[in-house]
1. Based on what the data block shows, is A:Gln154 open to solvent by less than 50 Å² (accessible area, probe 1.4 Å), within 14 Å of ligand 2 (Cβ to nearest atom) and within 27 Å of B:Phe94 (Cα to Cα)?
2. For the condition more than 11 Å from chain A (Cβ to nearest Cβ) and touching a helix residue (DSSP H, G or I) at 6+ places or on another chain (Cβ under 9 Å), what is the one hit in B:Leu63, B:Leu87?
3. Within the range A:162-213, how many residues turn out to be within 15 Å of ligand 2 (Cβ to nearest atom) and on the phi > 0 side of the Ramachandran plot?
4. Being among the basic types (Lys, Arg), away from ligand 1 (no atom under 16 Å from the Cβ) and over 16 Å from A:Trp7 (Cα atoms) is the requirement here; does A:Arg51 meet it?
5. From (1) open to solvent by less than 40 Å² (accessible area, probe 1.4 Å); (2) over 24 Å from A:Trp209 (Cα atoms); (3) hydrophobic (A, V, I, L, M, F, W, C), pick out the condition that doesn't hold for A:Leu138.
6. From the set of residues in the range A:11-37 that are away from every other protein chain (no Cβ under 14 Å) and either in a strand (DSSP E or B) or β-branched (Val, Ile, Thr) (or both), which is farthest from ligand 2 (Cβ to nearest atom)?
7. Considering only residues that are buried (at least 16 other Cβ atoms within 10 Å of the Cβ) and facing another protein chain (nearest Cβ under 7 Å), look in the range A:56-67 and name the one that is nearest to A:Val6 (Cα to Cα).
8. Answer yes or no as to whether A:Ser207 is under 27 Å from A:Asp78 (Cβ atoms), out of contact with any Pro (no Cβ under 8 Å at 6 or more places or on another chain) and either modelled with pLDDT of 95 or more or within 15 Å of ligand 1 (Cβ to nearest atom) (or both).
Amino acid sequence: MAEKNVWIVIPAFNEEATIKQVIKSLKKHGWRNIIVVDDGSVDNTPSIAEREDVIVLKHIINRGLGAALGTGIKAALDLGADIIVTFDADLQHKPEDVERLIKPIIQGRADVVIGSRFLNKEYLKGMPLSKKIGNIGLNIITYLLFGAKTSDSQSGMRAFSRKAAQTISIKTNRMEVSSEIIAEVARKKLKKAEIPIKAIYLRKGQSVWDGFKILGKLILKRLME
Amino acid sequence: MLSLFQVLALLFILVLLVKITLKFKNLKMGLGEYLLWVLIWLLLLIVVVFPAMTFIPARWLGLSRGVDVVVYLSIGFLFLLVYNLYLKIEKIEFEITTLVRKISFKNFKLNEKKK
Ligand SMILES: Nc1nc2c(ncn2[C@@H]2O[C@H](COP(=O)(O)OP(=O)(O)OP(=O)(O)O)[C@@H](O)[C@H]2O)c(=O)[nH]1
Ligand SMILES: [Mg+2]
């Protein structure tokens, strides 16, 4: 099989502490096609990324994760990507997982692959309890509201085939995008696979309150559509 | 005799009627929208001056009190208004993101050319 054209999309908002290492470690694992979407950071994220010989697209104001992913995915499609991987900028994801993540797509078994933090009990150990509860809660909400089943609706590590990336329409701007993507996969009847990944928790990230904001946005979305 | 509340409500309605009429005259509002608002405010005007009149629609709807009709209609109206606002805001949010995205692509291409 011919080499697939794989593009990595990194949404980044105020990630100056980690963005350089994220890019470098991805490159070390052989991933050269990288798009960083700077989501209106007020720190040095964009200038640091620009020194790393990757594509940096800059949102002039902060629009949220959903908007950043939408920008990165559109750019990757324009650049002729066969497979698009989304990868967080805060060192939570391991670059060695990308290979396994895209395998189901290369083998034609899936259109979308979710890197799930909930498939391996060992991997789950580092996750704070409040996040475990929040994530499982949002999995249930995603199922109840959109009929879309998954073991990790909030994972930032995903892979899309070109077809899937073209089919899925992202309309939400902020953190609720993760559930929206899962809902779209179910709605458009795309083939979904999940592989276990380990996420590392070093710093703040999303709060319990942020979790409730996602809940509110998802309910509104369901009611209004 | 009109009560103080009725006088204040009447003044409020009159001011709003003048305001939308000016808006319509300055071509900032379409005819359809203008007539709709005039109808709504005139109806309210009637209700304020002759509150007893509301017993007629209350009868039709099987409600015992006239004010209930006004309260229910107001809630329904507010709900529609909020729904409309929600849709408008969603649309504007979407447009802002589209704009921000386009600018990011454009700036990237400009930078490439400079290199
Ligand atoms: N918080 C936040 N992150 C954004 C935004 N736009 C893009 N991102 C990026 O989205 C990715 C995920 O954001 P996080 O805040 O870490 O959210 P998370 O990983 O789902 O939550 P945690 O598990 O708590 O870390 C990171 O790479 C951010 O840089 C934004 O507007 N706000
Ligand atoms: Mg994170």
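1. Against the criterion (open to solvent by less than 50 Å² (accessible area, probe 1.4 Å), within 14 Å of ligand 2 (Cβ to nearest atom) and within 27 Å of B:Phe94 (Cα to Cα)), A:Gln154 qualifies.
2. Matching residue, one of B:Leu63, B:Leu87: B:Leu63.
3. The total comes to 1.
4. In short, yes.
5. Against the list (1) open to solvent by less than 40 Å² (accessible area, probe 1.4 Å); (2) over 24 Å from A:Trp209 (Cα atoms); (3) hydrophobic (A, V, I, L, M, F, W, C), A:Leu138 comes up short only on (2).
6. Going through the qualifying residues, I end up with A:Ile23.
7. A:Leu57
8. Numbers: under 27 Å from A:Asp78 (Cβ atoms): no; out of contact with any Pro (no Cβ under 8 Å at 6 or more places or on another chain): yes; either modelled with pLDDT of 95 or more or within 15 Å of ligand 1 (Cβ to nearest atom) (or both): yes.
Answer is no for this residue.
The values are calculated or read from the model by the stated rules, or taken from the named source; none is laboratory data. Since this is a predicted model, take the numbers as computed values, not measurements. Don't worry about glycine lacking a Cβ; one is built from the backbone with ideal geometry, like all the others, and counts go over all protein chains shown. Ligands, DNA and RNA are stripped out before the accessible areas are found, and what is left, the full protein with its side chains, is counted by its heavy atoms. Shrake-Rupley method; radii C 1.70, N 1.55, O 1.52, S 1.80 Å.
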